[in-house]
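Contents: one structure, followed by commentary.
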Amino acid sequence: MNMEPAGSFVADEDLVPPRFRPRINEEEAYGIEELFFSRTDERGVIQSYNDTFERIAGFNPGELLGAPHKLVRHSDVPKAVFWLLWNGLKSGVPVGAYVKNRTKSGKYYWVYAVASPITGGFLSVRMKPSSDLFAQVQQLYDAALQDEADLNLSPEDSAHRLLEKLQGLGFPSYAMFQAHAFYTEFEARREVLDRPKDSVVACVDVITSNTEVFQRELAMLARKFDQAVLLITNMEIVANKQQAGQSVLREIARNYSLKMRGIEAHLETVRVAETYEGIWGVSRDQNSYFLLCAAQLMEDMNAQFEDQARQVEGVSKEQDTGFLHGLLNDYKAQSVSAVMQSVEAALAIKTNTEFLRQLILTLSNIRIACRVEMARLTDTVGGLGEILTSLDTFHSEVDAHLSNILGAADEIVKGVDQSMNGSEAVF
Ligand SMILES: Cc1cc2nc3c(=O)[nH]c(=O)nc-3n(C[C@H](O)[C@H](O)[C@H](O)COP(=O)(O)O)c2cc1C
């Protein structure tokens with residue numbers, strides 16, 4: 001199967017390769033509610049498209065059919081972007097990207113494109129970008145273009161350079177960036193169009209904000225334990241300096257130390273462990289955002305199909321709406337299952353945190369035993385009082401962190417339950 005992008009399209013004069021055609025630095029305006037649709041074969045040759053695409057790109061009826069999608073290629077888009085697009089599509093994942101396109105007359109228009117693999121090819125739905133992020137991305141593209149020219153970079157090398165820049169901006173992979181960008185653009189457009197927020201997106205919002213709570217609280221908990229280990233070591237040193245007759249204190253310190261290490265090991269079980277690697281590695285929540293926005297975009301596209309007179313000869317509207325339905329159902333199903341996994345993960349964190357709390361209670365009891373023993377001793381034990389006071393603080397702080405973790409787990413379960421049951425479910 002030839003999966004290489006089509007490269008040798010020859011057509012009439014109007015369709016000469018973009019780099020040989022004049023460019024006009026003028027934007028072709030279109031409404032934020034408008035969506036572009038196109039479907040291609042495996043090489044990127046257009047098999048179907050909608051009125052909006054034809055009208056904005058300025059082609060005559062039927063002209064786009066059978067043309068390679070690079071017909072609208074604008075030279076301001078770095079090669080890196082198309083390398084990433086094809087790399088993702090060939091890996092079987094949907095790809096989102098900002099793309100500047102060129103109209104037949106040489107003007108330009110920007111889109112946020114979401115291309116998905118489908119049987120026999122690919123399908124792309126594009127919307128108008130309008131967020132603040134869009135302006136930043138244009139700067140990023142300008143820099144990438146400059147690098148490509150100055151350093152004579154291959155598309156792949158340029159893509160890796162772009163990925164490094166995205167990492168510098170806090171996106172560990174392209175998939176993490178595209179999810180953030182798509183969500184940002186989708187929400188910006190939704191607000192302009194004054195449409196309600198999707199209930200599952202609201203679930204993911206609750207999950208992401210509370211996952212941040214988990215991460216923050218766990219990091220602080222781990223730090224508190226590191227500090228407490230030092231305290232216990234000091235406690236053991238102090239206890240070991242005591243007379244042989246005061247061995248109870250030594251025993252208490254030893255016991256405290258042992259329990260503490262056991263608890264530290266258990267802390268690992270509460271951790272929110274997620275690993276993702278490579279260009280397409282993505283966290284569960286970010287992937288849900290991407291898929292949910294994609295599902296809604298497909299739904300919107302379908303609705304626009306209903307309103308548009310199709311004029312592509314020989315292409316049935318039903319075939320395209322069938323592809324869109326297939327994708328939207330798949331994306332919805334994947335994201336609902338991801339939400340359910342997050343609820344399960346929150347419940348597991350809750351169980352492990354409650355167990356951790358019990359373990360810490362036994363540690364707290366040893367601290368009380370130590371206080372009692374210290375009061376019983378006739379000689380003052382140098383430094384032990386201060387250590388115990390610090391341990392008191394440690395225990396109350398740890399308890400507050402554990403409460404916050406349990407609270408966040410409850411918020412996830414409650415928030416998802418409310419969002420899923422409180423509104424007209426889309427599933
Ligand atoms: C579904 C789909 C949609 C595409 N949409 C666009 C597009 O809107 N603009 C564009 O320049 N390239 C688009 N491409 C990529 C083109 O096929 C091509 O790779 C790109 O224009 C770069 O061409 P070049 O490498 O010959 O410069 C799309 C490809 C696919 C599979």
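The values are calculated or read from the model by the stated rules, or taken from the named source; none is laboratory data. Keep in mind the model is a prediction, meaning the values are calculated, not measured. Heads up, the Cβs are rebuilt from the backbone with ideal geometry, glycines too, and the neighbour counts pull from every protein chain shown.
Given (1) loosely packed, with under 14 Cβ neighbours inside 10 Å; (2) in a helix (DSSP H, G or I); (3) within 17 Å of the chain's Cα centre (by Cα), identify the lone condition not met by residue 176.
Of (1) loosely packed, with under 14 Cβ neighbours inside 10 Å; (2) in a helix (DSSP H, G or I); (3) within 17 Å of the chain's Cα centre (by Cα), only one is false for residue 176: (1).
Any idea which of 85, 123 is of a type in the set (A, V, I, L, M) and without any contact (Cβ under 8 Å) to a residue 40 or more places away in the chain?
From the options 85, 123, the qualifying one is 85.
Out of (1) within 16 Å of the ligand (Cβ to nearest atom); (2) among the aliphatic types (A, V, I, L, M); (3) part of a helix (DSSP H, G or I), the odd one out for residue 153 is which?
Evaluating residue 153 over (1) within 16 Å of the ligand (Cβ to nearest atom); (2) among the aliphatic types (A, V, I, L, M); (3) part of a helix (DSSP H, G or I) leaves (3) as the failure.
Determine which member of the set 77, 95, 81 is more than 15 Å from residue 174 (Cα to Cα), in the same structural domain as residue 144 (by TED's automatic domain parsing) and among the β-branched types (Val, Ile, Thr).
On the way: 95 fails: more than 15 Å from residue 174 (Cα to Cα); 81 fails: more than 15 Å from residue 174 (Cα to Cα).
77 is the lone residue from the list that is more than 15 Å from residue 174 (Cα to Cα), in the same structural domain as residue 144 (by TED's automatic domain parsing) and among the β-branched types (Val, Ile, Thr).
Residue 346: out of contact with any Leu (no Cβ under 9 Å at 6 or more places or on another chain), in the same structural domain as residue 207 (by TED's automatic domain parsing) and in contact (Cβ under 8 Å) with a residue 60 or more places away in the chain, yes or no?
Working: out of contact with any Leu (no Cβ under 9 Å at 6 or more places or on another chain): yes; in the same structural domain as residue 207 (by TED's automatic domain parsing): yes; in contact (Cβ under 8 Å) with a residue 60 or more places away in the chain: yes.
Spelling it out, residue 346 is indeed out of contact with any Leu (no Cβ under 9 Å at 6 or more places or on another chain), in the same structural domain as residue 207 (by TED's automatic domain parsing) and in contact (Cβ under 8 Å) with a residue 60 or more places away in the chain.
Within segment 415-427, how many residues turn out to be charged (D, E, K, R) and either within 16 Å of residue 197 (Cβ to Cβ) or modelled with pLDDT of 95 or more (or both)? Step through it out loud before you land on a result.
Quick first cut of segment 415-427, residues charged (D, E, K, R) only: 417, 424.
Filter once more, keeping what is either within 16 Å of residue 197 (Cβ to Cβ) or modelled with pLDDT of 95 or more (or both): 424.
Within segment 415-427, residues that are charged (D, E, K, R) and either within 16 Å of residue 197 (Cβ to Cβ) or modelled with pLDDT of 95 or more (or both) number 1.
Considering only residues that are within 24 Å of residue 183 (Cβ to Cβ), of a type in the set (Gly, Ala, Ser) and near the ligand (Cβ under 10 Å from one of its atoms), which ones fall in segment 89-121? Outline the logic, then answer.
First pass over segment 89-121, keeping only residues within 24 Å of residue 183 (Cβ to Cβ): 89, 91-101, 109-118.
Now narrow it down to the ones that are of a type in the set (Gly, Ala, Ser): 91-92, 96-97, 113, 115-116.
97, 113, 115, 116, listed by residue number.
Inspect segment 194-214 for any residue being within 30 Å of residue 404 (Cβ to Cβ) and in contact with a Gly (Cβ under 6 Å, 6 or more places away or on another chain) and give the result as yes or no. So that I can check it myself, show each step before the final result.
Just the residues of segment 194-214 that are within 30 Å of residue 404 (Cβ to Cβ), to begin with: 197-214.
Still in the running and in contact with a Gly (Cβ under 6 Å, 6 or more places away or on another chain): 206.
Yes, the conditions are met somewhere in segment 194-214.
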